[in-house]
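For reference, the structure is listed below as structure tokens.
Quick note: the coordinates plus some simple rules give every number you see, no bench work behind them. Here the structure is a predicted model, which means the values were calculated and not measured. For neighbour counting, all protein chains shown are included, and Cβ atoms are generated from backbone atoms with ideal geometry for every residue, glycine included.
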Amino acid sequence: QQQVKQSPQSLIVQKGGISIINCAYENTAFDYFPWYQQFPGKGPALLIAIRPDVSEKKEGRFTISFNKSAKQFSLHIMDSQPGDSATYFCAAGDSSYKLIFGSGTRLLVRP
Amino acid sequence: KAGVTQTPRYLIKTRGQQVTLSCSPISGHRSVSWYQQTPGQGLQFLFEYFSETQRNKGNFPGRFSGRQFSNSRSEMNVSTLELGDSALYLCASSLPPGGAVTGELFFGEGSRLTVL
């Protein structure tokens, strides 16, 4: 019940294309859903986050879509760029002072 | 403003040894969390500390322990190392108590432990 399932494991997109990463959760107590971006040799960094009272949040080329009834949320990267090539983690949190992370998606954007 | 600092960055140990990893949070951050990152497993929560108190612990054996000092710096210790403990250990700090309000964790670059 504490798991966050993330797919796909890896993704290859052409420059200018749309990258889509999906996550699903079971625990209805989760009330915070961030996405983290990690470059090789670096720690993860917060990219964008959403709370369940909204269905979509957009920041630049990055959009989170949230479906509370389906317990799913996704990250869309519009106009994907080679610089977006990184590993992306979805996560879910509640009031227990921890985040449950998905297993990660390695995104490669080809020039 | 300096980020989260973790030391050492790389270390190699042999089975049965113990290791201590250190984390200095961002100035003013009082919550420190530790995560283990392995290929294909994502980030697994180890524990979280606030004001020298452990407030939550993940599903790891008792060989994994941690503590936080009065200046918010934290250490984690792994005793009787096993091959499966090879991983990147990430420390993260947050400003609000536990980060539960914003959820934003600021991660260090990690300590990469190799157990031979």
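Results, tabulated for the structure shown:
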quantity: Straight-distance crosslink candidates among lysines, where the alpha carbon sits under 20 Å from residue A:42 and sequence neighbours closer than 8 are dropped; calculated: B:1
quantity: Ranked list, fewest to most other Cβ atoms within 10 Å of each Cβ, for B:12, A:21; calculated: B:12, A:21
quantity: For chain A, size of Cβ-based charge dipole, Lys and Arg +1, Asp and Glu -1, in debye; calculated: 240 debye
quantity: Charge dipole (debye, nearest 20) of the protein assembly as shown; +1 at Cβ of Lys and Arg, -1 at Cβ of Asp and Glu; calculated: 320 debye
quantity: Hz values of 3J(HN,Hα) by residue in the stretch B:73-90 - Karplus curve (6.51, -1.76, 1.60), Gly and Pro given as x; calculated: 4, 9, 10, 10, 10, 10, 9, 6, 4, 10, 4, x, 7, 4, 5, 9, 9, 10
quantity: Integer Hz, Karplus 6.51/-1.76/1.60 couplings in order for the stretch B:41-58, x for Gly and Pro; calculated: 9, x, 10, 9, 6, 9, 6, 9, 10, 8, 6, 6, 10, 7, 9, 7, 9, x
quantity: Furthest towards positive pole of dipole, B:32, B:49, B:81, structure part chain B, Cβ charges; calculated: B:81
quantity: Shape call, chain B: gyration tensor on alpha carbons, a/c limit 1.5; calculated: prolate
quantity: Of A:15/A:71; A:5/B:13; A:5/A:57; A:15/A:68, those spanning more than 27 Å from alpha-carbon to alpha-carbon; calculated: A:15/A:71; A:5/B:13; A:15/A:68
quantity: For chain A, built as a Gaussian network whose Cα springs stay under 10 Å, the top-fluctuating residue of A:18, A:48, A:77; calculated: A:18
quantity: Residue exposure sequence - A:87, B:20, B:80 - by fewest surrounding Cβ within 10 Å; calculated: B:80, B:20, A:87
quantity: For residue A:47, residues with placed amide H under 5 Å, excluding near neighbours; calculated: A:35, A:36, A:37
quantity: Inverse mean reciprocal Cα-Cα distance (Kirkwood Rh) of chain A, Å; calculated: 14.0 Å
quantity: Overall dimensions of the protein assembly as shown as given by Cα atoms, namely Rg and Dmax in Å; calculated: 17.4, 50
quantity: Residues B:85, A:53, A:31, sorted so that the one with the fewest Cβ neighbours within 10 Å comes first; calculated: A:53, A:31, B:85
quantity: Under 5 Å, built H, 5+ apart or other chain: amide partners of residue A:86; calculated: A:107
quantity: Theoretical FRET efficiency, 1/(1+(r/R0)^6), r = Cβ-Cβ of residue B:18 and residue A:39, R0 30 Å, to 0.05; calculated: 0.45
